């Protein structure tokens, strides 16, 4: 697995990481043994970067990940998040609240220090005031975290964060349905040596090419209960694209995809073709899916003609279907 340096930090991350939202059960029930198999498959296939959050499964994702990685003694980096917990979001952001949340994450992850702590889609008004970044600097000084970054919903929020010179990373929605960051954000991120972590690379699975009109999701799966933004930002589910519209778009994307690679690998290879991206963090519901995902790192870059056609499709057919701010 190829590695890329994360911004101005000393962290090197595998080009394909593992998003661990699903380990908390937020995509439907998942047995601990199955979660462990996913983690083990990631390690066996060269993944060295794991992304989780304190609210995934109310800490379950962190706990499973921490226990298994401690047992394997694997030399990997774990990024977790702060800011969406009960009592914190939307207005409970204090230095002590952050410190307590980090301590709980450290306990669950079984780590003395958090490798990368990311603000977790916190309100723009909090970002704008800037105090939250002073709290993060204090956590560094206290030795609780090595580096800090931010996971954001919009480009405007990303711009607020990237203005802080000691920010290590930005985690953003970036995929074939959400191409705007490469025009507005990537130049600024590169100039400021801020690494890009691309989340939702497959748009909640839509860009895997495996779904059809009869596909259904478990009641506890956010692709069911948040399909129209009922629980949180609709941008976090299918990247803000209506499911049925997304199926049609995938058919159009299939016409550009080289026949010798899968739709999922095509979608992730497109992301990795952007040098500003450090790592892409697809989730996985099985060990087999992990192995399929890592193949994206081995595929040759897409042709300039493919990139041109994909951007034209985005501008003409996709951009106006996004149901959330970008």
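Observations on the structure shown:
- Burial ordering of 250, 280, 234, fewest other beta-carbon atoms within 10 Å first: 234, 250, 280
- Ranked by how many other Cβ atoms sit within 10 Å of their own Cβ, fewest first, the residues 228, 51 fall in the order 228, 51.
- Convex hull (Cα only) mean projected area of the range 120-160, reported in nm² to one decimal: 2.8
- Considering only Cα atoms, the convex hull volume of the range 65-141 works out to 88 Å³ per residue.
- When semi-axes √(5λ) of the Cα gyration tensor in Å is computed from the coordinates, the matching label among (i) 35, 22, 16; (ii) 28, 22, 20; (iii) 50, 19, 18 is (ii).
- Estimated purely from DSSP H runs of n ≥ 4, each contributing -39500 (n - 2.57), the mean residue ellipticity at 222 nm for the chain is -10500 deg cm²/dmol once divided by its residues.
- Potential extension, residue 125-residue 214 segment - 0.36 nm per residue separation minus Cα distance: 28.0 nm
- Approximating the spin labels as points 7 Å out from Cα along Cα→Cβ, the residue 1-to-residue 107 distance works out to 2.9 nm.
- If you take the alpha carbon atoms of the range 172-326 and fit the smallest convex hull around them, that volume is 120 Å³ per residue.
- DSSP beta bridges fully contained in the range 3-321 are about 15 percent antiparallel.
- Fewest-first ordering of 268, 263 by other beta carbons within 10 Å of each residue's beta carbon gives 263, 268.
- Multiplying the residue separation of residue 134 and residue 32 by 0.36 nm and subtracting their alpha-carbon distance yields 33.0 nm.
Only the coordinates and a few stated rules stand behind these numbers; no lab work does. Because the structure is a prediction, the values reported are computed rather than measured. Glycine gets a Cβ as well: all are built from the backbone with ideal geometry, and neighbour counts include every protein chain shown.
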